[in-house]
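What follows is a short report on a single structure.
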Amino acid sequence: MVRIGIIGAAGLSGRELLHWLKNHPQVKIELLTSSKYQGRQVSEVFPELTSYSQVFEPNESDVSACDLVFLAIPNQASLELVPKLLEQGVRVIDLSGAFRLGDTEVFSKFYQLTHTAPELLDEAAFGLPEFYKDEISNARLVANPGCYATGALLGILPLGDLLAELDRAPIIDAKSGVSGAGGRVEGDMTNYVSVNENFKAYKVFAHQHQPEIQQYLTELSPYSTKESGDVIFTPHLLPVNRGILSTIYLHFPEAIPVAEIRSRFSKFAAEQKFVHFMDEGNLPDLKVTLNSNRVMIGAESDESGQNWVIVTSLDNLVKGASGQAIQNMNLMCGLDESLGLL
């Protein structure tokens, strides 16, 4: 039985962890914290979670009873807390962006923070199980990927060495529900009046998931930024609660046979627990992945065979955050990676 703590258990990702872990057969919840609800019982704050008898503790609570801790807290708080947790011998899955990027200058530019624990960046495993399974299994610190980055990378990387042939940068046109765009606070961008019956782009050329996509695309494939340029990523805010749909545009200087593209995606999906490649002529929508840890992928080309559109769908709170974190926990603890997930 794995003894678990969740720091920041009352936020969107924390509450999603509570939902999925309540039926996990190999987990015992030892610690739940919340700065906002400390001292209150979980079922009082979330009446639907009647199986939890715990009370929310302060974020700086003792973690000695835990084997592994999920951090569902802001970037700055993770930077401060992760070194302390590791010193206590606790393994950590960080759902913030604090340890995803290897370059501290890029981190500072996109997160508007100074990285205070750069010594941990080399050992932090990027928590994308489809590509880093061994690293995750042996890690004491896992940086859970961003939701947009997960959808983009899983829509591009299965093409493997074909990515070396691209003659221009991939264009990723992504749309997210409010919970994937910082909707945990009633800010100007995500309050009801701003979002309802509306649709808009945001953080153009400034979103923190762009360098994350760029870093792992170049690390895991032969794609060259020198030859083709940096990925172009534009996020949009949809007036829905959850879900991310990414439309990825790829251009090859010569035609790529349909069978070649489909074979690569099909082979990749067949080897993964939570990736599904759709039949020819079908593309995913948001609803096909709602409340699941699945990523659905579809691909189409024009008559030239040079222009390809890849569409991916995922639930930003599950495969884009808490579900993927549980998948990583399973790997770290020697369990079947699909345990407790759908």
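Output the number of residues of region 221-256 satisfying the condition of being of a type in the set (Asp, Glu) and in contact with a Pro (Cβ under 7 Å, 6 or more places away or on another chain).
Total satisfying the criteria: 0.
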Discussion item. Consider region 270-307. How many of its residues are under 23 Å from Ala149 (Cβ atoms) and in contact with a helix residue (DSSP H, G or I) (Cβ under 8 Å, 6 or more places away or on another chain)?
Written reply: 15
Worksheet entry | Subset of region 88-114 (residues that are touching a strand residue (DSSP E or B) at 6+ places or on another chain (Cβ under 8 Å), within 18 Å of Ala206 (Cβ to Cβ) and surrounded by fewer than 19 Cβ atoms within 10 Å (Cβ to Cβ)) | none
Practice prompt. Look through Ala152, Ala181 and report the one residue that is more than 24 Å from Leu79 (Cα to Cα), in contact (Cβ under 8 Å) with a residue 40 or more places away in the chain and within 20 Å of the chain's Cα centre (by Cα).
Written response: Ala152
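Which of the following residues is open to solvent by 30 Å² or more (accessible area, probe 1.4 Å) and within 23 Å of the chain's Cα centre (by Cα): Val288, Val258? Walk me through how you get there before you give the answer.
Working: Val258 fails: within 23 Å of the chain's Cα centre (by Cα).
Result: Val288 is the single residue among Val288, Val258 that is open to solvent by 30 Å² or more (accessible area, probe 1.4 Å) and within 23 Å of the chain's Cα centre (by Cα).
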Discussion item. For region 138-179, give me each residue that is surrounded by fewer than 18 Cβ atoms within 10 Å (Cβ to Cβ) and closer than 19 Å to Asp315 by Cα.
Written reply: Asp173
Worksheet item: Can you name the residue in region 291-342 that is surrounded by fewer than 18 Cβ atoms within 10 Å (Cβ to Cβ) and among the acidic types (Asp, Glu) and is also nearest to Phe277 (Cα to Cα) among such residues?
Response: Glu300
Worksheet item: Within region 188-211, can you find the residues that are outside any loop (DSSP other than H, G, I, E, B), farther than 22 Å from Ala124 by Cα and not hydroxyl-bearing (Ser, Thr, Tyr)?
Response: Val193, Val195, Lys200, Ala201
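Can you name the residue in region 115-137 that is hydroxyl-bearing (Ser, Thr, Tyr) and within 18 Å of the chain's Cα centre (by Cα) and, of all such residues, is surrounded by the fewest Cβ atoms within 10 Å (Cβ to Cβ)?
Ser137
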Item to complete: Just give me the residues in region 196-209 being under 25 Å from Asp167 (Cβ atoms) and either open to solvent by 30 Å² or more (accessible area, probe 1.4 Å) or more than 19 Å from the chain's Cα centre (by Cα) (or both), in sequence order.
Response: Val204, Phe205
Practice prompt. Working only within region 1-46, note down all residues that are free of Cβ contacts under 8 Å to residues at least 60 places away in the same chain, assigned to a loop (DSSP other than H, G, I, E, B) and not charged (D, E, K, R).
Written response: Met1, Ala10, Ser34, Ser35, Tyr37, Gln38, Gly39, Phe46
Worksheet item: Quick one: would you say Leu68 is crowded, with 18+ Cβ neighbours inside 10 Å and in contact with a Ser or Thr (Cβ under 8 Å, 6 or more places away or on another chain)?
Response: no
Worksheet item: Is it true that some residue in region 72-83 is β-branched (Val, Ile, Thr) and under 20 Å from the mean Cα position of the chain (by Cα)?
Response: yes
Practice prompt. From (1) open to solvent by 30 Å² or more (accessible area, probe 1.4 Å); (2) on the phi > 0 side of the Ramachandran plot, pick out the condition that doesn't hold for Tyr37.
Written response: (2)
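The values are calculated or read from the model by the stated rules, or taken from the named source; none is laboratory data. Since the model is a prediction, treat every value here as computed from it, not as a measurement. Quick reminder, even Gly has a Cβ in these numbers, built from the backbone with ideal geometry, and neighbours come from all protein chains shown. In case anyone asks, the SASA skips ligands and DNA or RNA and just uses the protein heavy atoms, side chains included. Shrake-Rupley method; radii C 1.70, N 1.55, O 1.52, S 1.80 Å.
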